[in-house]
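In what follows, a structure is listed as structure tokens, so that the remarks can point back to it.
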Amino acid sequence: MRAVPLGINYFNVKEKCKMAKLDGKVALITGAAAGLGEGISTAYAKYGAKLIMVDLSPAVEKTAEKLRKEYNAEIITVIANVADREQMDAAAAKGVEKFGEINVACCNAGVCRLAPFEEMDDKTRDFHIDVNIKGVWNTCKAVIPYMLKQGGGNIVIASSVTGDIVADAGEAAYAMTKAALVGLTKCLAVEYASRNIRVNCSQLGYARTPMVEKMAVESNPENPEAAIADIAVGVPMKRLAKPIEVGELFAFLGSDESSYLTGSQIVIDGGSTLPETMSIGTN
């Protein structure tokens, strides 16, 4: 066995290296107040990033304060609507004014409202388009000019397995908008690869978030927990994702560890899209 030099604690060295993979990077995260956004923000704070936490809800400041205390993270919060281009431009400008640059954009803000297609009105359709598509578009528009000036950056887009891989009744607007983000990811990846901007997307199955809990109430008002349990039954890992697990994927995609990935669709679903609908397998 190779001798370990005295005075060196390799466990601590390993931990410091692990904790520092986003050290010095500035990340703008949308939908940061709760759910997946909180999980992403937590992972980025843990790994040393400076954060621009953007959300429509003032509760984002409470989440930020918790992360400041736990990780001694440098964080500013911005109350903004991702569907409003001017507000997102202002959010990015505020971040650059504070930190000098933006290295990563996590386009996480999203909505989902369930309704049969024939009952879904145009207002609900447009709500999905405004937040899920225009929100990501506006965020990319806001950060890419800064990334070009500084010589590069990373964009991570929250898509979904819904729309591009699977589909559920009552989710036409959600599926349409999330599938569109896969196309946007690929196009931006090709367009900006030579200018050192990488663009990738996550494709999440289900995570235990306020949005999924709201969907469960819409699906089964009398017993929403049963609806969530039904989802878990269909996942080979028999559970929903934790927001921090999604955050870890976003942290990887925002770090130099993923330096040769661009235009990628990373499925994170506990294996839920793997089984056949009808099967004569052993399980």
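Every read-out reported here was derived from the displayed coordinates using simple, explicitly stated rules and does not represent laboratory data. Because the structure is a prediction, the values reported are computed rather than measured. Quick reminder, even Gly has a Cβ in these numbers, built from the backbone with ideal geometry, and neighbours come from all protein chains shown.
Quick rundown of the values:
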{"item": "Using alpha-carbon coordinates, inclination of helix 210-219 to the longest axis of the chain, degrees", "result": "10"}
{"item": "Total charge dipole magnitude, the chain, about the Cα centre, Cβ charges on Lys, Arg, Asp, Glu only, Debye to nearest 20", "result": "1340"}
{"item": "Whole-Hz couplings from phi, Karplus 6.51/-1.76/1.60, listed for segment 63-80; x for Gly and Pro", "result": "5, 4, 5, 4, 6, 4, 5, 6, 10, 6, 7, 8, 9, 10, 10, 9, 8, 7"}
{"item": "Helical mean residue ellipticity (222 nm; -39500 (n - 2.57) per DSSP H run of 4+; nearest 500) of the chain", "result": "-14000 deg cm²/dmol"}
{"item": "Residues with amide H under 5 Å from that of E74, placed H, sequence gap 5 or more", "result": "L51"}
{"item": "Part-to-part distance (alpha-carbon centres) for segment 195-227 and segment 112-185, which is given in Å", "result": "13"}
{"item": "Phi to ³J(HN,Hα) by Karplus 6.51 cos²θ - 1.76 cosθ + 1.60 over segment 167-183, Hz, x for Gly, Pro", "result": "8, 10, 4, x, 10, 4, 5, 5, 4, 4, 6, 6, 5, 4, 5, 5, x"}
{"item": "Table column - 3J(HN,Hα) (Hz), segment 30-42, Karplus curve with 6.51, -1.76, 1.60, x for Gly and Pro", "result": "9, x, 8, 6, 7, x, 4, x, 5, x, 5, 4, 4"}
